[in-house]
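Here's the structure, in structure tokens; my notes come after.
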Amino acid sequence: MYDDISPEAKIAEDVKIDSGCFIEKRTKMSKGVINKSGVRIGENNHIHPYAVIGGMPQDIKSPKETGKIIIGDSNTVRKFSAIKLPVGEVTETK
């Protein structure tokens with residue numbers, strides 16, 4: 001387990017978490033969730049099965065540099081959702 005994941009977070013065994021992710025207390029991650037590097041997830045969130053957070057943007061013309069994803073408190077991300085990294089002048093997706 002990483003130092004930047006709260007011991008109060010509930011993480012399913014097969015969740016993938018890249019380095020540099022921050023996960024706060026009372027956040028629940030169900031099976032198959034993937035968290036890419038640089039994602040910050042606040043308190044009391046529920047990430048449903050097989051969601052991908054922090055994947056590369058779909059725009060193939062995107063610049064090589066991307067921003068970060070910040071998910072605040074008390075959110076729900078439904079199963080099979082994809083939250084992609086921001087590009088362009090935006091440096092964070094909140």
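Scanning the range 16-39 for residues that are of a type in the set (D, E, K, R), in contact with a strand residue (DSSP E or B) (Cβ under 7 Å, 6 or more places away or on another chain) and surrounded by fewer than 19 Cβ atoms within 10 Å (Cβ to Cβ) returns Lys16, Asp18, Lys28. Scanning the range 9-34 for residues being charged (D, E, K, R), under 11 Å from the mean Cα position of the chain (by Cα) and part of a loop (DSSP other than H, G, I, E, B) gives a total of 1.
Taking the conditions (1) crowded, with 20+ Cβ neighbours inside 10 Å; (2) closer than 18 Å to Ser6 by Cα in turn, Gly54 satisfies each one other than (2). Can you find a residue in the range 4-15 that is at pLDDT below 95, in contact with a Pro (Cβ under 9 Å, 6 or more places away or on another chain) and among the aliphatic types (A, V, I, L, M)? Checked the range 4-15: no residue is at pLDDT below 95, in contact with a Pro (Cβ under 9 Å, 6 or more places away or on another chain) and among the aliphatic types (A, V, I, L, M). Of all the residues in the range 35-55, those that are closer than 19 Å to Lys84 by Cα and over 12 Å from the mean Cα position of the chain (by Cα) number 1. Residue count for the range 35-59 under the criterion of being in a strand (DSSP E or B) and of a type outside the set (D, E, K, R): the result is 9.
The values are calculated or read from the model by the stated rules, or taken from the named source; none is laboratory data. Nothing here was measured: the structure is a model prediction, and the numbers come from that model. So basically every Cβ, Gly included, is an ideal-geometry build from the backbone, and we count neighbours across all protein chains shown.
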